[in-house]
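Colleague: One structure, pasted below without further comment.
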Amino acid sequence: MAIFDHDYFTEVAYLTNKYARKHHPHWLRLEWYDTNKDELMTFFACLYGLGLTKTPGYSYFSKYYLYCVI
């Protein structure tokens, strides 16, 4: 059993695109390209991998990353 199934990512992609079309600032001159289920699955996999990776001395999600000495 998967934590998130394909229907979940399809729904998240739909809602993301709907929000972007409604709130995209047109003066920014950046064109919005609709996202899809595959892009979101890749993004979530990257976040999941970053959360599982042990790093010596710093955290990917630390707000003090710039002050860490490696």
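Colleague: Does any residue in region 1-22 that is within 17 Å of PHE43 (Cα to Cα) and free of Cβ contacts under 8 Å to residues at least 12 places away in the same chain come within less than 6 Å, Cβ to Cβ, of a residue that is assigned to a helix (DSSP H, G or I) and not small (Gly, Ala, Ser) six or more places away or on a different chain, and which pairs are these?
Modeller: Matching pairs, first to second residue: none at all.
Colleague: Which residues, taken from region 1-24, are at pLDDT 90 or above and not aliphatic (A, V, I, L, M)?
Modeller: ASP7, TYR8, PHE9, THR10, GLU11, TYR14, THR16, ASN17, LYS18, TYR19
Colleague: May I ask you to list the residues in region 20-52 that are surrounded by 10 or more Cβ atoms within 10 Å (Cβ to Cβ), assigned to a helix (DSSP H, G or I) and either of a type in the set (Asp, Glu) or more than 15 Å from the chain's Cα centre (by Cα) (or both)?
Modeller: ARG21, ASP38, GLU39
The values are calculated or read from the model by the stated rules, or taken from the named source; none is laboratory data. Please read these numbers as outputs of a predicted model, since none were measured by experiment. Neighbour counts run over all protein chains shown; Cβ positions are idealised from the backbone, glycine included.
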